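Here's the structure we're looking at; comments come further down.
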Amino acid sequence: MDMDLFAAAHVVRPVVPSRFGTFPTSYRVISTSVCFHYQVKASQMEVAGSDSDGREFKNADEMWREQTGDDNKKTQWYREGVAYWEGVEASVDGVLGGYGRVNDADVKGSEAFLQALFSECFVDGGIDRHLVALDCGSGIGRITKNLLLRYFNEVDLLEPVSHFLDVARESLVYENHMASDTHKATNFFCTPLQEFTPAAGRYDVIWVQWCIGHLTDDDFVSFFKRAKVGLKPGGFFVLKENTARSGFILDKEDRSITRSDVFFRELFCRCGLHLYKSKDQRGFPKELFAVKMYALMPDMPKKISKTRSKTHANRPGIIK
Ligand SMILES: C[S@@+](CC[C@H](N)C(=O)[O-])C[C@H]1O[C@@H](n2cnc3c(N)ncnc32)[C@H](O)[C@@H]1O
């Protein structure tokens, strides 16, 4: 194993620490396609990748063919992904792979990103709007509880693992009780992303964190294409994910892949999404994968006119 690369990658997802010792050997971008103005130029991205045992793949297609190349394999891929999480304790530490201590830094980083987006994209920072979010792959509702419910009037949760969703429902019902009636968790969908289609025009923000790695590239693209319909005009996606230094890393244990920033950008093009803004998460332990936040929009945002004073315009509607 190339330990320099391992150290330099300062990665590893918030999953089991035992995986630290199995970081793949090498990654190399062979070529990338470029996509302008939402148009997919090509999907012939040739990025080499590896699996968690250090085995190398020439490109993602080769890996996907092997892992999900026919209906049975694909069903098994998704079944084993969910089975992995079914064996995990329904707690913050559980959903963060034993790294519950990164919760505060994660929420802080997300909040700063979200606040910037609110003030740049919503008239008056969204203060007069009834705001609705969808928390995808929500786990036990950690993000909804610590962040989304403070900014959105309604939050829906989507999670395929029922014991996670049960815990989310329990803790958020209590939260609903404590908070005002105008900020609440509304719907709990026990469904995987690849099978979900949102109600048209329901969401201001669709938040996708630490779960998209479970989807194949094709399902990634079709999910975002379907989910666009679920956004209100002016709405956007936030994708927050681990990133590999280049190419991709297949995790055979939980049936997921970690993609590089280049790989993500290629997929955004295929989805017809505009990358409005991205930011690195700071303050995580060095041994973890680098984490990036992406704000994605179906269209370039129109410049909003700020009619109120600056103090108002920069403030989203937070429940105190
Ligand atoms: C690392 S946890 C993150 C949970 C939550 N997003 C958070 O940050 O607290 C990964 C989550 O993805 C969910 N997941 C696994 N496969 C999925 C799929 N196909 N669609 C949606 N979520 C999935 C798991 O059940 C688990 O809750």
SER162 to ALA83: extension gain in nm, 0.36 nm per residue of separation minus the Cα-Cα distance? 27.3 nm
Just flag the chymotrypsin sites (Phe, Trp or Tyr not before Pro) in segment 153-234 sitting in loop per DSSP whose Cβ has no more than 16 other Cβ atoms within 10 Å. PHE196
Can you work out the Karplus-derived ³J(HN,Hα) for every residue in segment 188-199? Use 6.51 cos²θ - 1.76 cosθ + 1.60 with θ = phi - 60°, whole Hz, and x for glycine or proline. 10, 9, 8, 8, x, 3, 5, 10, 9, 10, x, 4
For segment 106-111, in residue order, the Karplus 3J(HN,Hα) values (coefficients 6.51, -1.76, 1.60; θ = phi - 60°; whole Hz; Gly and Pro = x) are 4, 5, 4, x, 5, 5
Just the number, please: percent antiparallel of the DSSP beta bridges in segment 184-265, rounded to the nearest 5. 35 percent
Which residues in segment 139-161 have a backbone N closer than 14 Å to a point placed 7 Å from the Cα of ASP181 along the Cα-to-Cβ line? none
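Grab the other residues whose beta carbon is less than 13 angstrom from that of VAL92, score K and R as +1, D and E as -1, and report the net.
-1
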How far apart, in nm, are the 7 Å Cα→Cβ label points at GLU66 and ARG282? 4.0 nm
Quick check: the distance between the Cα centres of segment 196-255 and segment 111-137, to the nearest angstrom? 18 Å
Applying 1/(1 + (r/R0)^6) with R0 = 35 Å to the Cβ-Cβ distance of GLN76 and MET300, what FRET efficiency is obtained, to the nearest 0.05? 0.30
What nm distance separates the two modelled labels at ILE127 and LYS58, each placed 7 Å from Cα along Cα→Cβ? 5.9 nm
For ARG169, ARG65, ascending order of other Cβ atoms within 10 Å (fewest first) is ARG65, ARG169
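Every number in this text was worked out from the coordinates using simple rules, so none of it is lab data. Predicted model, so just to flag it, every value in this text is computed and none were measured. All Cβ positions, even for glycine, are placed from backbone atoms using ideal geometry, and neighbour counts span all protein chains on display.
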